[in-house]
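One structure below.
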Amino acid sequence: MVAPISFQGMGDIRIKVIDMKRIVCIVALLIATIYMFGARKALIIGNSSYPDPKDALKNAESDAKAMEATLKKLGFMTALVTNVDQISMRNAINTFSEGIKASDEVLFYYSGHGANVDGKNCLIPVGMHINDENELECWAYPANLVLKKLEKAEITIFILDACRNNPFKGVRSMDKGLAIMDAKAGSQYIIYSTEVGKTAEDGNGEHSPFTESFIKNIESSHDQIENIMKQVTIEVRSKTFGKQVPWTAGNLTTFFLL
């Protein structure tokens, strides 16, 4: 005689299966929510230790470290690199840009030497003695290329505290300051530590006048980036007796709060 099949415990199995389906649905919903709203991500680069002592910048590295600490407090996922050569700078930018989703809000900050060569801005890595513009074009990283790599983000805040006094005497174009850059309409906002064609100060304290004021204002007020920059501009202009006036370019079609 065949023993009857017992279904005892099947109710528990069904409950476990239903609970598992609920867990899967919840996880999927969380993933979709994260993707929908994106994340706040920042890449911060600070170059101070240029090979020739006369080229060295006192505050660029400390500016970058202070900026990273502040952005972390504001909820950004941050990546900080300092005193990077050409390969390390390229790798840092590529790694950061590859991790960006279309829903992300990203902030790029560069502190160090920068140059304008034939209307194109260059970010200058450490590790190379640069004597003329041909060498600069070979060894520097194009700022416009960084902007291009960040285009896929929903919002890009692009900050250059880069136009210090020119120590590279063979590079005459550096005397002109940085050039205007084209941002992606509606989603990219460029902040220069000084107006186009002028030079910025490294600062006599722990930070440059621009970075000191920018950090102070984003720590003390939760406001739109455009309003923060109005206050930063007023402060830096006053602090430098009118020699340095921060400049912005581009427009945002959505609010970006800091």
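Miscellaneous remarks
- For Thr82, distant residues with modelled amide H under 5 Å away: Gly46
- At the residue level, Lys239 shows approximately 90 square angstrom of accessible surface with a 1.4 angstrom probe and all protein chains present.
- For the stretch 49-57, 3J(HN,Hα) per residue [Karplus equation, 6.51 cos²θ - 1.76 cosθ + 1.60, θ = phi - 60°, Hz, x = Gly/Pro]: 8, 6, x, 8, x, 6, 8, 5, 10
- For the cross-link pairs Lys73/Lys120; Lys72/Lys198; Lys148/Lys198; Lys149/Lys243; Lys65/Lys101; Lys73/Lys198, the ones whose C-alpha atoms lie over 29 Å apart are Lys73/Lys120; Lys72/Lys198; Lys149/Lys243; Lys73/Lys198.
- Karplus-derived HN-Hα couplings along the stretch 85-100 (A = 6.51, B = -1.76, C = 1.60, θ = phi - 60°), whole Hz, x at Gly and Pro: 7, 4, 5, 5, 5, 4, 5, 5, 5, 5, 4, 5, 5, 5, x, 8
- To the nearest 10, the accessible area of Glu68 is 30 Å² with a 1.4 Å probe.
- Taking all protein chains together and a 1.4 Å probe, the residues Lys148, Lys198 rank Lys148, Lys198 from largest to smallest accessible area.
- In order along the stretch 232-241, the Karplus-derived 3J(HN,Hα) couplings, from 6.51 cos²θ - 1.76 cosθ + 1.60 at θ = phi - 60°, round to 4, 4, 4, 5, 5, 4, 5, 5, 9, 6 Hz, and Gly and Pro are given as x.
- Between Ala56 and Tyr50, the built amide H atoms are under 5 Å apart, and every one of these is 5 or more places off in sequence or on another chain.
- Part-to-part distance (alpha-carbon centres) for the stretch 183-258 and the stretch 118-164, which is given in Å: 19
- Taking Cα centre as origin and charging only the Cβ of basic (Lys, Arg, +1) and acidic (Asp, Glu, -1) residues, the dipole magnitude of the stretch 73-162 rounds to 340 debye.
- Heavy-atom accessible area order for Thr233, Thr156, largest first, 1.4 Å probe: Thr233, Thr156
- Solvent-accessible ranking of Asp223, Asp118, largest area first, probe 1.4 Å: Asp118, Asp223
- Carbon + sulfur, % of accessible area of the stretch 99-258 - ligands and nucleic acids excluded, 1.4 Å: 51
- Within the full protein context, the accessible area of His222 is estimated at about 150 Å² for a probe radius of 1.4 Å.
- With K and R counted +1 and D and E -1, the other residues having a Cβ less than 13 Å from that of Asn217 yield a net charge of -2.
The values are calculated or read from the model by the stated rules, or taken from the named source; none is laboratory data. On a predicted model such as this, the values are computed, not experimentally measured, just so you know. Note that we place each Cβ from the backbone using ideal geometry, even for glycine, and neighbour counts take in every protein chain shown. Note: areas computed on protein heavy atoms with side chains; ligands, DNA, RNA excluded. Shrake-Rupley method; radii C 1.70, N 1.55, O 1.52, S 1.80 Å.
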